[in-house]
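The values are calculated or read from the model by the stated rules, or taken from the named source; none is laboratory data. Since the model is a prediction, treat every value here as computed from it, not as a measurement. Glycine also receives a Cβ, built like all others from the backbone with ideal geometry; neighbour counts cover every protein chain displayed.
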Amino acid sequence: MQQLDLQVIEQALKWSDEGQDVWLCTVLATFGSSPREPGSWLVATADGRHAGSLSGGCVEEDFLARLRDGVFSEPVSQLRYGEPDGPDGPRVRLPCGGLLDVLIERLSPGQPTRDHLVQLQQALTGHQPLLRRVSLDGTAAELHSDNGLGPRVESGPKGYWKLRVGPAARLIIAGISPVSEACAQFAQALGFEVIVCDPREEVLTDFSLPGITVKPILPSQYIADGHCHEATAIVALTHDPRIDDLAMMEAVRTGAFYIGVMGSMKTSRARAERLQRIGGLDEQQIARIHMPIGLNLGSKTPAEIALAVMADIVRVRKGTPRHEV
């Protein structure tokens, strides 16, 4: 989904550089079924050209028709779809019977707009995640540094929205195993960029998943080479200390938002002792590692363990405390 967001911002930048006003639309909230999550974007010009999506078909058609009619002349406005009978409501009822709230920003061409869009582009391509603060009073949107964790959209107490912008989530899997394979498939379905690292020729031969990047290299080396950003999760799933322990030693030196390694409570205590004694990790670094990894779902099979792992990664990325799961 972030790849589509990048296309939206790059198109907005191109149109703005051509001297055109652009309307940047953000999905704020959905109630009921919706194919696009909060934080998703659509950008459009006054003549109806557009990139991205808000929901599908009828919603975009109604918005673009209103835009051509000059409805959205204010710097910032807000629109709710799904209530066609309400005062000033859209003319569209969603097929699912749900509601869709949309934030609409009119961005005039010029250096401030260009600078803003370039910073969004950089955040989406792996630079520092950003928090956009958009006020409903029409003042210029502000950008602040962010850790990338938490809901993509949050409402502020004084009439503004907080919108998180960052690179596509990346999952680095240290080592190939049946759990690794299941985890890679779950992660890919969730929209993660998935990279599997393993130097062992005997396991690489039979491992091939469409859309999954495989690196025939020690995971620790790949991590040390700087392939992690704040939207990266690193998991070790082999039960082989030569792969798992080395990966953890390097992972804690990165800004990865999630680090975890598979093993029982007994195995995890022994690993923590090794990481301190051999790897020189301190207590704060050890505390960053989720071990045992994943939510306690009573998992037994590789698919169940992978589900527990990915559920925990999503929980942390969404900023949900463990006790609320």
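On the basis of being free of Cβ contacts under 8 Å to residues at least 60 places away in the same chain and either part of a helix (DSSP H, G or I) or at positive phi (or both), does Ser299 make the cut?
For Ser299, the condition - free of Cβ contacts under 8 Å to residues at least 60 places away in the same chain and either part of a helix (DSSP H, G or I) or at positive phi (or both) - is not met.
Would you call Ala231 of a type in the set (A, V, I, L, M), assigned by TED's automatic domain parsing to the domain that holds Ile289 and crowded, with 18+ Cβ neighbours inside 10 Å?
yes
Out of Pro157, Pro178, report the one residue that is over 20 Å from Ile313 (Cβ atoms) and surrounded by fewer than 18 Cβ atoms within 10 Å (Cβ to Cβ).
Pro157
Of all residues in the range 126-148 being part of a loop (DSSP other than H, G, I, E, B) and of a type in the set (S, T, N, Q), which is surrounded by the fewest Cβ atoms within 10 Å (Cβ to Cβ)?
The qualifying residue surrounded by the fewest Cβ atoms within 10 Å (Cβ to Cβ) is Thr139.
Identify, by number, the condition in (1) of a type outside the set (D, E, K, R); (2) in the same structural domain as Arg271 (by TED's automatic domain parsing); (3) within 29 Å of Pro321 (Cα to Cα) that Ile217 doesn't meet.
It fails just one condition, (3).
With respect to Asp282, is the statement that it is within 22 Å of Arg170 (Cα to Cα) and without any contact (Cβ under 8 Å) to a residue 60 or more places away in the chain true?
No; evaluated as a whole, the condition is false for this residue.
Can you find a residue in the range 263-270 that is crowded, with 18+ Cβ neighbours inside 10 Å, modelled with pLDDT under 95 and either under 20 Å from the mean Cα position of the chain (by Cα) or in a loop (DSSP other than H, G, I, E, B) (or both)?
yes
What tally of residues in the range 137-165 results from selecting those that are under 14 Å from Pro38 (Cα atoms) and either outside the structural domain of Pro75 (by TED's automatic domain parsing) or not hydroxyl-bearing (Ser, Thr, Tyr) (or both)?
The number of residues fulfilling the criteria is 10.
Does the range 206-219 include one or more residues that are in contact with an Asp or Glu (Cβ under 6 Å, 6 or more places away or on another chain), buried (at least 17 other Cβ atoms within 10 Å of the Cβ) and of a type outside the set (A, V, I, L, M)?
No; the residues of the range 206-219 include none that is in contact with an Asp or Glu (Cβ under 6 Å, 6 or more places away or on another chain), buried (at least 17 other Cβ atoms within 10 Å of the Cβ) and of a type outside the set (A, V, I, L, M).
Collect the residues in the range 296-316 that are within 13 Å of Ala187 (Cα to Cα) and touching a strand residue (DSSP E or B) at 6+ places or on another chain (Cβ under 7 Å), keeping them in residue-number order.
Across the range 296-316, the qualifying residues are Val309, Asp312, Ile313.
Which residues, taken from the range 185-205, are assigned to a helix (DSSP H, G or I) and in contact with a Gly (Cβ under 9 Å, 6 or more places away or on another chain)?
Gln188, Val203
Does the range 240-255 contain any residue that is assigned by TED's automatic domain parsing to the domain that holds Gly319, among the basic types (Lys, Arg), farther than 16 Å from Gln285 by Cβ and surrounded by fewer than 22 Cβ atoms within 10 Å (Cβ to Cβ)?
So far as the range 240-255 goes, yes, one or more of its residues are assigned by TED's automatic domain parsing to the domain that holds Gly319, among the basic types (Lys, Arg), farther than 16 Å from Gln285 by Cβ and surrounded by fewer than 22 Cβ atoms within 10 Å (Cβ to Cβ).
For the range 215-243, what are the residues that are of a type in the set (D, E, K, R) and closer than 21 Å to Val316 by Cα?
Of everything in the range 215-243, just one residue is of a type in the set (D, E, K, R) and closer than 21 Å to Val316 by Cα, namely Glu230.
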